[in-house]
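Step one of this worksheet: look at the structure below.
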Amino acid sequence: MDQNEKRMWIQTLWEPIHEIKQSALESERQGIKVAAYCRVSSKDESITSLKNQIDHYTLFIKNKANWKFVGIYFDAGASAANYKNRRGFQRLLRHCEEGKIDFILTKNVSRFSRNTEELLRIVKELKERNIGIFFERENIDTSIEYNKFLLSTYSALAQKEIESMSELTRWGFEKQFMKGKPKYSRMLGYDVVKSNEESHLQINEKEAEAVRSIFNMFIKGLSLSEIARQLIQEGVKTSADKDLWRGSTVKNILTNVTYTGNKLTRVRTKDIFTNKTSRGARDQILIENCHRPIISPEVFDLAQKRLEEIKPKEIAAKPKKKKALSGRMKCGHCGYRLSNYPTRGVNYWKCDPSDSGVCHFKSLKEEALRKMMLKAMEEKYDFQQPGLLQRLGKELERVNQDDHFEFLRLKYITEIELAKQEQILLDHHQDIDQMEQAYFAFEEKAAKLEDDRKYRNVTIEWLQKTSSVDEWLEKVTIEHLRSWIIEMTIYSTDDYRVYWIDDQQTMIGDCTLYGKAELRPKLVKEQEKMISKESITLPKEAPVDMDTNREVIKIEPSQSALTKQAIQSAKNVELMNPFQALGKPRLRTAAYCRVSTDQLDQKTSLKTQVAYYTYLILKDPTYEFTGIFADEGISGKSLKNRTELLKLLEECKAGNIDLILTKSISRFSRNTLDCLEMVRMLRSLQQPVYVYFEKENIHTKDATSEMMISIFGSIAQEESIGLGESIAWGKRKYAARGIVKTGTVCYGYKFDKNKRWVIDEEEAKIVRRIFQDTLAGKSYNQIVKELTEEGIKSPKGKAKWYTSRIKAILENEAYRGNYVYQRTFTADSIEAKIVPNNGEYPQYFIEDHHEAIVSSSDWEKVQSILEERSAKFKNRNRKKYPKENLKNPAFVNAFTCGDCGSLIGHRRYVEKTYEMHGWVCNLADKLYVANRCKSGRFQQKLIELNFMKTLLSIKRDKAFKKAMDELIKKTDLNQEELRLEEALQDRIELFNQQLYEAVNEELNKEGQDSRKVDELTEELVKLHNELKSYSERKRQAQQYKQELNWLWKQLRKIDDKAIESLDVLRKDREVPFRKDIFTRIVESGKIFSDGKIIYKLKLGLEWSIDFKNEDFKKLISKQKAAERRAKKEAFLEGPEVKALLEFCQEPKPFSELFKFMNRMLPISEAHFRVTVLNVLLEQGRVKRKFPEKRSRRMMIYYSVEGVGDEGRVNF
């Protein structure tokens, strides 16, 4: 094995397998820490969705004995547009940084991230930490050398999807806005009702009174907070059904133009990636009079005027920094959260109800809160105890280390699911609601601990620098204290409750005195009571009737019910996964390989690919090996000559294959259209077959595969086209400098050792002769005939010369020593179609490129002769025939001449009223050819009728069925061959196993020795070829049977009488030719000079009948005779003869009858006597009478038709 072969084995077999081994999906390394990430769109669906995904990933990971399941990280109700709002995702990334995760499983790219830039950056950072992500749907594993373009494409699609959804939703609203149909949402004073699939606002009179009161009070001078306090006092609920009113809530009502019966749209714009809402980004649209108003425009304007008057001065807003206590302090009186109210130099904390005057809570300074927290710390911890600071630090570190939320989540979900299944199947009633509440409480606590980690980390670092308790007490901040305190409920500075990170509580003072937390509105002054609403109440209108809408409740599809036995066993072990009982069969998997050339290194490449895919298929327990199909030395631009690929497709159609593995799209096909057509055809089969393109990581089972194949296939196609165009561009640049390197030489020249053109004297003599004959006045045909008769070989080494070849030689500049570069070009790189260059590309004329065979003067003279001939030909009046419609396309390239072997071509003959189609041997049609074929022309009807009569022969002749039965028996395997086939399969199985073991053995070595693998692969290729011959015979026999059954069904449908009738030979009739049968069963045919046709059937037989041109002509004669008889009979029953019979009711001589007939129809005397009068006499319709003197001239004739006498014939 030389170095080149070793290199190919390494590149094609060892390196790809080593790379696969690096992936966590394939690695045998023990203890791989695997996590799963999922994102559910709704918090309400979180338990069900998590259960489904736990089942899925548990099954997935269970099949990997060396994997350790870390847990499931999830986010509920969070968008994938930005990871910063996803707590579970951030936690996953943190655990990756801490080394707790080696590999991540996720459903698809869009679940992980819909932001392309963000996704690629995260993948890159994790890759640098040797952490891979497996995107299951796209089948992308980033732990190995993945396709970055493919991942970015999928990510861009995910991002585009969310952008498109947002745009479509927005555009849908926009179209409704333009029609005057706004989008309504719940608001105080109105109910949203639906009628005819459209939303409308209907006044809620009770709430409307409150809205009118708000406007009334504000116009009368009450402040926003006073109105809010009044509403709380009156027990009015907000639109969100809350008791608490704020000044901002009141202001939102006062500024809402909807209450005037109008609707302002496009007020806010939301960014889908940052979730930030902005105002004024788009032009607003006001839709007027779209619903009933609650207040008048005049009242609304008064309210806006006062709002403008009391508007505070605008101060530049400073960026708000979230306080450490935000969301973690609750008022003990009313139960609402404390909010921060910053003033100049001092931060106050109070609940919103106290700000409205309906809660007794007194605001607290931030420093007071710090002292309260310190007091709680002193109550919980003994600050006199030595080593307290170390104890506090270790407690925080323990909380950070005790980070097993994912495991606890699995435990909660599994217990809830078990309880549900037991309740269904075993009738055990458990408080599932209580279990779910406990789970939600766990998630809430976990979220708080995760959010507080940043405080704990800072505090741990600070504690390491703090030397004493006194220093701690002096310098400790609220942010530090938040590391231990998770939440507080405050009644006053002396009475409050503290909740710690270790789930303990500390009560300072006496919190029991305050009772249940609720709003306690203060007594309001009499003048602040609700002012009469009558001053601004609008006249009430009749309520609008709306159709009652049924509520549609979406029920999540449940998992398959588990059996009682499974539930019982689950109590002791674990919940049975519903997928385990399915017993999924192995996929029958084949591989397709292709190399473009048949050179030695390419053959080595083919062997390495065979070894690689054999190992790959045998290694996977879900695969069943069904063979390797390999094409050698074949281009991937088209399906032509790719016999192994065509066999593979036939195996797929026969239902013998489920999956095809191939290296890349370009190996499968460089023609995108061909590739897509094959993929679609395979997927549309009764048993669908899918293709996995390894390099591009595309599986055609995926719904997006066609689009990805189009992208990558176009790239592969453009790569092929681009390579050819690059080479052509380089050659053009050389030609522009007068340097041309040609791969071939013209007839009459040859290459010397330096690849320069030199004259080949033997061929040059022929070239000179052709030019001299043309100068002497000989035509193309004469030159062709002489050269062929003398046995001179053509430029392609054939015995026959053609006029096109003579013309090409005479017009070629090369024969006078010049070279024209790029006279032709490749118009289609895929099909390699070469066409004349008519200005599409520049042509380069290189003078004196080589030695001339003919002089320039002779060459010029010949061109003048050719131009003169061409002009005469163009000026000739050529008859224009109508469009060709009746040519039978099934016969094109289907027949060859039985006498000379040339192709049978089509010819058309057009008369005034009739178009005739014939087929003729191409060699017989060339008058100038020396050894011209003697075969004649054959009418198209002859061939069509011959085929249909052949079908009748097949239908009736038992010999055909007998011959087919013998052929099928001979083709199919006998018992001995079946045993040999089985033995071959056993040997292949043995060699497959040996190859697998050899590859595995070499993989574990420092350097791989490919000799043994090479030997095994070579032997495997031979065995596969032997086995394929048996498989091909079985497939062929089966195909014969199927085609024969189809043929019998079609033959039963044929009307025998229609084929045997002479009417089909009439010029105005067509043969009932079955094109479908012809194209399906006829491979080719031979037509001999006597008209006999032998059909080579795709059924493996040759068949013919004794029906020749002579028989066809006899039938034509019979048909014409019958046609003449029918015409004659029709004439005798026609109006002319009837008139004649009426005319001779009285006896008339011959001369009068003849004259009478000539007045109606020009006819000769003899013809009249023979075809009319004598026939009527024979029929008895006319009788003759002789005068006394018997003379022919005096004979008279009279009609007897219809008389009915005994002596007369009654017609």
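Just a few scattered comments:
- Strands (runs of 3 or more DSSP E) within the range 659-754 that include 2 or more residues surrounded by fewer than 21 Cβ atoms within 10 Å (Cβ to Cβ) and at pLDDT below 70: none
- Scanning the range 929-946 for residues being in contact with a helix residue (DSSP H, G or I) (Cβ under 6 Å, 6 or more places away or on another chain) and under 22 Å from L1062 (Cβ atoms) gives a total of 1.
- One residue from E1083, E1102, E1123 being at pLDDT below 90 and of a type in the set (D, E): E1123
- Members of the range 97-110 that are crowded, with 20+ Cβ neighbours inside 10 Å and either assigned to a loop (DSSP other than H, G, I, E, B) or not polar (S, T, N, Q) (or both): I101, D102, F103, I104, L105, V109
- Residue count for the range 24-55 under the criterion of being at pLDDT below 80, of a type in the set (G, A, S), within 28 Å of the chain's Cα centre (by Cα) and not in a helix (DSSP H, G or I): the result is 1.
- All told, L1065 falls short of being buried (at least 17 other Cβ atoms within 10 Å of the Cβ) and either outside the structural domain of K962 (by TED's automatic domain parsing) or farther than 26 Å from R1124 by Cα (or both).
- Residues considered: F442, F407. Of these, the only one that is more than 24 Å from Q505 (Cβ to Cβ), surrounded by fewer than 17 Cβ atoms within 10 Å (Cβ to Cβ) and touching a residue at least 12 places away in the same chain (Cβ under 8 Å) is F407.
- Scanning the range 1150-1162 for residues that are out of contact with any Asp or Glu (no Cβ under 9 Å at 6 or more places or on another chain) and either assigned to a loop (DSSP other than H, G, I, E, B) or surrounded by 14 or more Cβ atoms within 10 Å (Cβ to Cβ) (or both) returns E1152, L1153, F1156, P1162.
- Filtered by the rule that a residue be touching a residue at least 40 places away in the same chain (Cβ under 8 Å), surrounded by fewer than 23 Cβ atoms within 10 Å (Cβ to Cβ) and assigned to a helix (DSSP H, G or I), the range 646-658 gives K647, E650, E651.
- Top-ranked residue of the range 1002-1015 - restricted to ones that are within 17 Å of Y613 (Cα to Cα) and modelled with pLDDT of 75 or more, ranked as surrounded by the most Cβ atoms within 10 Å (Cβ to Cβ): V1013
- Leading residue by the ranking (nearest to L364 (Cα to Cα)) among those in the range 465-493 that are surrounded by fewer than 12 Cβ atoms within 10 Å (Cβ to Cβ) and touching a helix residue (DSSP H, G or I) at 6+ places or on another chain (Cβ under 9 Å): K475
- Some residue of the range 972-981 being under 30 Å from F1107 (Cβ atoms), in the same structural domain as I1105 (by TED's automatic domain parsing) and out of contact with any Leu (no Cβ under 7 Å at 6 or more places or on another chain): no
- Within the range 331-370, the set of residues being crowded, with 18+ Cβ neighbours inside 10 Å and either basic (K, R) or in contact with a Pro (Cβ under 6 Å, 6 or more places away or on another chain) (or both) comprises C334, Y336, K350, V358, C359.
- Subset of the range 942-973 (residues that are within 30 Å of H906 (Cβ to Cβ) and hydroxyl-bearing (S, T, Y)): T950, S953
- Test: L973 is in contact with a helix residue (DSSP H, G or I) (Cβ under 8 Å, 6 or more places away or on another chain) and assigned to a loop (DSSP other than H, G, I, E, B): yes
- The helices (runs of 4 or more DSSP H) found entirely in the range 1037-1143 that carry 2 or more residues being within 54 Å of the chain's Cα centre (by Cα) are 1056-1060, 1075-1081.
- Residues that are surrounded by fewer than 17 Cβ atoms within 10 Å (Cβ to Cβ) and either aliphatic (A, V, I, L, M) or outside any helix (DSSP H, G or I) (or both), drawn from the range 297-314: L302, L307, I310, K311, P312, K313, E314
- Answer from A852, A764, A814 - the residue that is in contact with a Lys or Arg (Cβ under 6 Å, 6 or more places away or on another chain), touching a residue at least 12 places away in the same chain (Cβ under 8 Å) and on the phi < 0 side of the Ramachandran plot: A852
- Residue in the range 257-278 that is in the same structural domain as A208 (by TED's automatic domain parsing), at pLDDT 85 or above and assigned to a loop (DSSP other than H, G, I, E, B) present: yes
- Qualifying residue in the range 1003-1022 (condition: closer than 30 Å to K969 by Cα, outside the structural domain of T608 (by TED's automatic domain parsing), part of a helix (DSSP H, G or I) and touching a residue at least 12 places away in the same chain (Cβ under 8 Å)): yes
- Residues of the range 918-969 that are assigned to a strand (DSSP E or B) and surrounded by fewer than 19 Cβ atoms within 10 Å (Cβ to Cβ): G918, R937.
- Pick from the range 126-141, criterion in contact with a Cys (Cβ under 7 Å, 6 or more places away or on another chain) and either among the aliphatic types (A, V, I, L, M) or not in a loop (DSSP other than H, G, I, E, B) (or both), ranking: farthest from A35 (Cα to Cα): L126
- Sole exception among (1) in the same structural domain as S296 (by TED's automatic domain parsing); (2) at pLDDT below 80; (3) of a type in the set (V, I, T) for I162, by number: (1)
- Taken as a whole, the condition of being in a helix (DSSP H, G or I), at pLDDT 75 or above and either farther than 18 Å from V267 by Cβ or not hydroxyl-bearing (S, T, Y) (or both) does not apply to K183.
The values are calculated or read from the model by the stated rules, or taken from the named source; none is laboratory data. Keep in mind that this is a model prediction, so the values were computed, not measured. Backbone-built Cβ (ideal geometry, glycine too); neighbour counts: all protein chains shown.
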